[in-house]
1. Scanning for something under 22 Å from Leu131 (Cβ atoms), within 16 Å of ligand 1 (Cβ to nearest atom) and surrounded by 14 or more Cβ atoms within 10 Å (Cβ to Cβ), does the stretch 64-80 turn up at least one residue?
2. Give just the number: which of (1) away from ligand 1 (no atom under 16 Å from the Cβ); (2) part of a loop (DSSP other than H, G, I, E, B); (3) β-branched (Val, Ile, Thr) does Thr83 not satisfy?
3. Every residue in the stretch 1-40 that is touching a residue at least 60 places away in the same chain (Cβ under 8 Å), in a helix (DSSP H, G or I) and among the polar types (S, T, N, Q), please.
4. For the stretch 1-31, which positions are within 16 Å of ligand 1 (Cβ to nearest atom) and of a type in the set (Phe, Trp, Tyr)?
5. Which of the residues spanning the stretch 32-55 are of a type in the set (S, T, N, Q) and either within 16 Å of ligand 1 (Cβ to nearest atom) or farther than 15 Å from Gln124 by Cα (or both)?
6. Of the numbered conditions (1) touching a residue at least 60 places away in the same chain (Cβ under 8 Å); (2) outside any loop (DSSP other than H, G, I, E, B); (3) farther than 19 Å from Lys57 by Cβ, Val98 fails exactly one; give the number of that condition.
7. When you go through Thr13, Thr56 one by one, which is the residue that is farther than 13 Å from His87 by Cβ, more than 16 Å from ligand 2 (Cβ to nearest atom), modelled with pLDDT of 95 or more and buried (at least 21 other Cβ atoms within 10 Å of the Cβ)?
Amino acid sequence: MLTYTGKCHCGQTEWEVVTDDKIEGHILCHCSACKKLSGGEYTLNIVVPKDQCKLTKGELKEYVYKGDSGNEVICYYCPNCTTHPWHHQKVQGEKFVVRSGLLEGADSFGVFGEVYGKERWSFQPGVAKDLA
Ligand SMILES: [Zn+2]
Ligand SMILES: [Zn+2]
């Protein structure tokens with residue numbers, strides 16, 4: 001088991017994510033919700049059992065929207081600076097989608113794959129295999 005830590009921009013919230021093995025790489029998500037929520041062309045993510053994601057400082061607020069499947073997606077964010085450490089797609093059961101770019105050491109994780117490539121903007125080259 002490995003423990004990765006993260007903290008928000010303002011420092012009011014901090015968290016830990018435990019993985020069974022070394023992170024195999026970020027999953028780039030090009031969906032329209034990620035673009036809106038991040039202001040970027042894609043987000044960096046890993047999928048982790050939710051009981052392995054722990055807030056260690058502060059409190060998070062929830063923003064809920066309906067995903068493509070029609071199921072709710074609950075985004076957890078710092079109420080002060082809006083950094084978003086993870087979200088819960090109800091369709092994924094007991095797993096959280098963790099914003100892996102916010103974890104300490106994120107620069108060294110590499111890229112595992114990409115999702116929502118059909119919504120990738122034209123200036124953005126594909127950098128890894130398409131997973132969905
Ligand atoms: Zn914050
Ligand atoms: Zn997305």
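The values are calculated or read from the model by the stated rules, or taken from the named source; none is laboratory data. None of the values given here were measured: they were computed from a predicted structure. Here the Cβ is made from the backbone with ideal geometry for all residues, glycine too, and neighbour counts use every protein chain on show.
1. Looking through the stretch 64-80, at least one residue is under 22 Å from Leu131 (Cβ atoms), within 16 Å of ligand 1 (Cβ to nearest atom) and surrounded by 14 or more Cβ atoms within 10 Å (Cβ to Cβ).
2. It is condition (1) that Thr83 fails.
3. Residue satisfying the conditions is Ser32 alone.
4. The answer is Trp15, and nothing else.
5. Answer for the stretch 32-55, where residues must be of a type in the set (S, T, N, Q) and either within 16 Å of ligand 1 (Cβ to nearest atom) or farther than 15 Å from Gln124 by Cα (or both): Ser38, Asn45, Gln52.
6. (3)
7. Result: Thr13 is the single residue among Thr13, Thr56 that is farther than 13 Å from His87 by Cβ, more than 16 Å from ligand 2 (Cβ to nearest atom), modelled with pLDDT of 95 or more and buried (at least 21 other Cβ atoms within 10 Å of the Cβ).
Quick grid of which residues meet (1) touching a residue at least 24 places away in the same chain (Cβ under 8 Å); (2) farther than 27 Å from Cys10 by Cβ; (3) assigned to a helix (DSSP H, G or I):
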residue: Val47; (1), (2), (3): yes, no, no
residue: Asp51; (1), (2), (3): yes, no, yes
residue: Lys54; (1), (2), (3): yes, no, no
residue: Glu59; (1), (2), (3): yes, no, no
residue: His87; (1), (2), (3): no, no, no
residue: Pro125; (1), (2), (3): no, yes, no
